[in-house]
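As structure tokens, the structure follows; a few thoughts come after it.
The values are calculated or read from the model by the stated rules, or taken from the named source; none is laboratory data. If you're wondering where the values come from, they're calculated on a predicted model, not measured in any experiment. Methodologically, a virtual Cβ is constructed for each residue, glycine included, from the backbone with ideal geometry; neighbour enumeration extends over all protein chains shown.
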Amino acid sequence: MIYWLESVDSTNRHALSQRLPRWDAVVAREQVAGCGRRGRSWESPVGGLYLSVVVENDPLLPLRTGLAARDALQPYCPERIGLKWPNDLLCVEGKLGGVLCEAEGDRAVAGIGLNLAGEPPIEDATTLEAAGGSLPPAVDWQAKLEPLATAIIARLRELARLPAPEFLMRYRVHEQLLGQPVAWEGGRGTALAVGADGTLEVRTAAGTERLHAGEVSLA
């Protein structure tokens with residue numbers, strides 16, 4: 001079941017506090033206190049999709065969620081949508097959306113924010129509209145977002161069933177960091193692979209490292 005809210009502080013927070021069963025979801029027209037990674041605020045104005053799905057916890061959940069969102073959104077976008085470890089969706093050199101997964105015990109919530117129309121909410125972001133795409137017109141915001149939200153949930157269910165090796169084969173096709181020089185806090189190197197535990201393997205002058213989290217950018 002999908003619960004539709006005009007406004008909420010955070011769809012992730014709402015889904016966890018309501019203790020919804022697995023595969024139930026919350027969609028909001030806007031978030032007034034959305035969160036990004038490391039507790040950062042996430043701008044969530046009207047014109048985007050803000051979706052949280054209750055799922056089973058999984059080390060690869062952020063990557064599975066990102067690929068599900070990418071696959072569901074791509075048919076609406078004439079430009080190629082790529083992924084940037086660990087949680088960004090990119091298009092025409094801008095951030096099209098992001099993923100935030102939070103866990104409580106064996107339960108987790110997969111949160112997705114997509115910039116669909118209007119002004120990009122942050123610097124270096126873009127929107128589906130700016131990339132030349134759009135969702136089909138509908139009678140109201142819920143009817144407009146429902147096909148995309150439903151497609152993301154369905155795709156996430158499919159990807160959640162895949163063993164890690166099979167999933168990672170599909171994920172790597174769209175990961176834009178692999179083989180590229182990258183930089184992160186405390187180091188520089190070349191992105192080599194994404195591991196079965198969701199870490200990013202990089203080659204540095206001193207050898208190889210595995211990054212578990214953090215901001216990584218093209219160097």
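Laid out as a table, the results:
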{"item": "Unmet requirement for Glu123, which otherwise passes all of (1) part of a strand (DSSP E or B); (2) surrounded by fewer than 22 Cβ atoms within 10 Å (Cβ to Cβ)", "result": "(1)"}
{"item": "Condition met for Leu162 (hydrophobic (A, V, I, L, M, F, W, C), surrounded by 18 or more Cβ atoms within 10 Å (Cβ to Cβ) and under 30 Å from Glu56 (Cβ atoms))", "result": "no"}
{"item": "Scope segment 88-120; condition closer than 15 Å to Leu148 by Cα and either buried (at least 20 other Cβ atoms within 10 Å of the Cβ) or among the basic types (Lys, Arg) (or both); matching residues", "result": "Leu96, Gly97, Gly111, Ile112, Gly113, Leu114, Asn115, Leu116"}
{"item": "Any hit, segment 76-87, residues being in the same structural domain as Gly132 (by TED's automatic domain parsing), in a strand (DSSP E or B), crowded, with 23+ Cβ neighbours inside 10 Å and not hydrophobic (A, V, I, L, M, F, W, C)", "result": "no"}
{"item": "Pairs, first of a type in the set (Lys, Arg) in segment 151-172, second part of a helix (DSSP H, G or I) and at pLDDT 95 or above, C-beta under 6 Å, six or more apart", "result": "Arg155/Ala68; Arg155/Asp71; Arg155/Ala72"}
{"item": "Residue check, Glu146 among the acidic types (Asp, Glu) and part of a loop (DSSP other than H, G, I, E, B)", "result": "no"}
{"item": "Total residues in segment 61-119, condition in contact with a Lys or Arg (Cβ under 6 Å, 6 or more places away or on another chain) and β-branched (Val, Ile, Thr)", "result": "1"}
{"item": "Number of positions in segment 49-75 that are part of a helix (DSSP H, G or I) and farther than 21 Å from Leu145 by Cα", "result": "3"}
{"item": "Lone qualifier among Glu209, Glu175 - being among the acidic types (Asp, Glu) and surrounded by 18 or more Cβ atoms within 10 Å (Cβ to Cβ)", "result": "Glu175"}
{"item": "Check on Gly198, surrounded by 13 or more Cβ atoms within 10 Å (Cβ to Cβ) and at positive phi", "result": "yes"}
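Residues checked against (1) of a type in the set (Ser, Thr, Tyr); (2) not in a strand (DSSP E or B):
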site	(1), (2)
Gly111	no, no
Leu114	no, no
Gly133	no, yes
Glu158	no, yes
Met169	no, yes
Val182	no, no
Ala196	no, yes
Gly214	no, yes
Ser217	yes, no
